[in-house]
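Bear in mind these aren't lab numbers, they're just calculated from the coordinates by the rules spelled out. These figures come from a predicted structure and were not determined experimentally. Note that each Cβ is placed from the backbone with ideal geometry, even for glycine, and that neighbours are counted across all protein chains shown.
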Amino acid sequence: MSLGKFFQFLKEVKVELMKVTWPNRGELIGSTVIVVVLSLIVAVYVGFLDFILSSLFGRIIR
C-alpha cells in the first residue's frame with residue numbers, strides 16, 4: 001500500500017466518522033445500565049441452573 005493511498009484512506013475514515021450520530025450522555029448511561037442489569041440476570045439464571053444440574057447429577061452418580 002502506498003503512502004498516498006494510506007492518507008486517502010484516513011481522509012475517508014474522517015468523512016465517515018463525521019456522519020456518525022453519537023449517543024448523548026443520558027443515552028449512553030441508560031444503555032450501560034440495561035446491559036449490566038441483563039448481564040446480572042443471565043448470570044444468576046446460569047448460576048442457578050448450574051447449581052441445580054450439579055446437584056442432580058451428583059445424586060445420580062452416587
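Mind listing P(r) for the chain? All alpha-carbon pairs, 5 Å bins, whole percents.
Computed distribution, short to long bins: 3, 14, 9, 9, 8, 8, 9, 9, 8, 7, 6, 5, 4, 1, 0.
For the chain, take the longest principal axis of its alpha carbons; what is the angle in degrees between that and the long axis of helix 25-61, to the nearest 10 within 0 to 90?
30 degrees
Report, in degrees rounded to the nearest 10, the 0 to 90 angle that the Cα long axis of helix 3-19 makes with the longest principal axis of the chain.
70 degrees
So if I place +1 on the C-beta of Lys and Arg and -1 on the C-beta of Asp and Glu, and nothing else carries charge, what would the dipole magnitude of the chain be about its Cα centre? I want it in debye, nearest 20. The partial results should precede the final answer.
Values: 7 positive and 4 negative charges, 26 e Å.
The dipole of the chain has a size of about 120 debye.
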